[in-house]
């Protein structure tokens, strides 16, 4: 999964640091053979110190198990970053983010997006992933994905960021196509795990889209010469926080208020367990971490107005919340 970010810096015959962060309802289970042990581990944050990138290889394989209390409404965010200590020809491609929603057995062919709700005039990345599974009775020789991009999107910013199998991506007159030639994807009966595939891309919306704008996307999945499997329709909505007065997030012994707020947020916990709080901006960058007990004040005054995502780890439980600064 992370080979692209490693390959981006393999023109550096020097040491580097690779950081991997996982946010969501998953538990670490181990690493595949050939993946070196991380130099340091802090929660779901993993760091490797690589002495020679040119001879390192091009992939890290870690295994995680989805928590049993996860639902299809939950999101798993994977952030991979490489920090070379030598000269780098292109430092703009040293960080990647992958966003996945928890899947269940009823949605083998699905399209997902992140973030689903943004503030008016949002002009940052929108992420999309199309997942597919061969649920037929024989291998699929060729698979084609077709996705007509909404007219509110800026087609010139389109970037392919991850995929399960080699493919050709073609954008023609706002119709985005992915060709998986000679994929020979097994059927789910003979090979349940091997019958799955995906492609993930990101694209920016057009500038200055107003309140109420909705961006729609639906994918069509063609297995050989069969009729297309049509996915759900994703929606990215430009919305303003609703309501007046003090609003709060209250769930599972956690209270955050006011929300929306102007920079200061009261956080209260129902017990005194040691808790780690991490704050992410809209593109998945960690902007603040705190160790808290019982209650604290989260100060976001130094950051711009917008939507921020909070991850709270308390023992084996992980809570996610979203706060708005206005």
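The values are calculated or read from the model by the stated rules, or taken from the named source; none is laboratory data. In this text, all values refer to a predicted model and were calculated from it rather than measured experimentally. Heads up, the Cβs are rebuilt from the backbone with ideal geometry, glycines too, and the neighbour counts pull from every protein chain shown.
Some values worked out for this structure:
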item	result
Whichever residue in the stretch 202-223 is loosely packed, with under 14 Cβ neighbours inside 10 Å and modelled with pLDDT under 90 and, among such residues, is nearest to residue 182 (Cα to Cα)	207
Among residues of the stretch 46-58, those that are under 19 Å from residue 29 (Cβ atoms) and either surrounded by 18 or more Cβ atoms within 10 Å (Cβ to Cβ) or modelled with pLDDT under 85 (or both), counted	2
Residue check for residue 287: more than 21 Å from residue 268 (Cβ to Cβ) and either in the same structural domain as residue 259 (by TED's automatic domain parsing) or surrounded by 14 or more Cβ atoms within 10 Å (Cβ to Cβ) (or both)	yes
